[in-house]
Amino acid sequence: MATMIEENGPSTHEEVSPWLQARQKLEGLLNKNMKIRMTDGRTLVGLFLCTDRDCNVILGSAQEFLKSTDTFSQAEPRVLGLAMIPGHHVVSIEVEADSLEEARGFRSNRC
């Protein structure tokens, strides 16, 4: 069944397409703190600002945490500011616990 999308969103008597549900979930995550693990072992933490169909992610106020060889030492994060993470380097994406209350149920291991 095709879904008609009106200016105010889908009508209440029709089903919402999976694509639209995914888009609404992503929109609900905008400006939430996210932790992104990358293929080279780095972890970036910042505000989710944007993504695209190639799963590239833009984080604002991003900080970079290096993979530590010593499990007892925690290095100081490097402040990056605005960062673009290529989708093919993303290993996992997590919503930080503080943001998770509003965006409940979202966790992705791969785009």
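The values are calculated or read from the model by the stated rules, or taken from the named source; none is laboratory data. This one's a predicted model, so the numbers in the text were calculated from it and none came from an experiment. Reconstructed Cβ throughout: ideal geometry from the backbone, glycine too, with neighbour counts over all protein chains shown. Surface accessibility is based on the protein's heavy atoms, side chains included, excluding ligands, DNA and RNA. Shrake-Rupley method; radii C 1.70, N 1.55, O 1.52, S 1.80 Å.
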* Once you list every other residue whose beta carbon is under 10 Å from the beta carbon of GLU64, what net charge do they have if Lys and Arg are +1 and Asp and Glu are -1? -> +2
* To do: Quick one: which residues, 5 or more positions from GLU96 or on another chain, have an amide H under 5 Å from its amide H? H modelled 1.01 Å from N in the peptide plane, none for Pro or chain starts.
  => ASN33, MET34, LYS35
* Structure fact -> Heavy-atom accessible area with a 1.4 angstrom probe orders GLU94, GLU76, most exposed first, as GLU76, GLU94
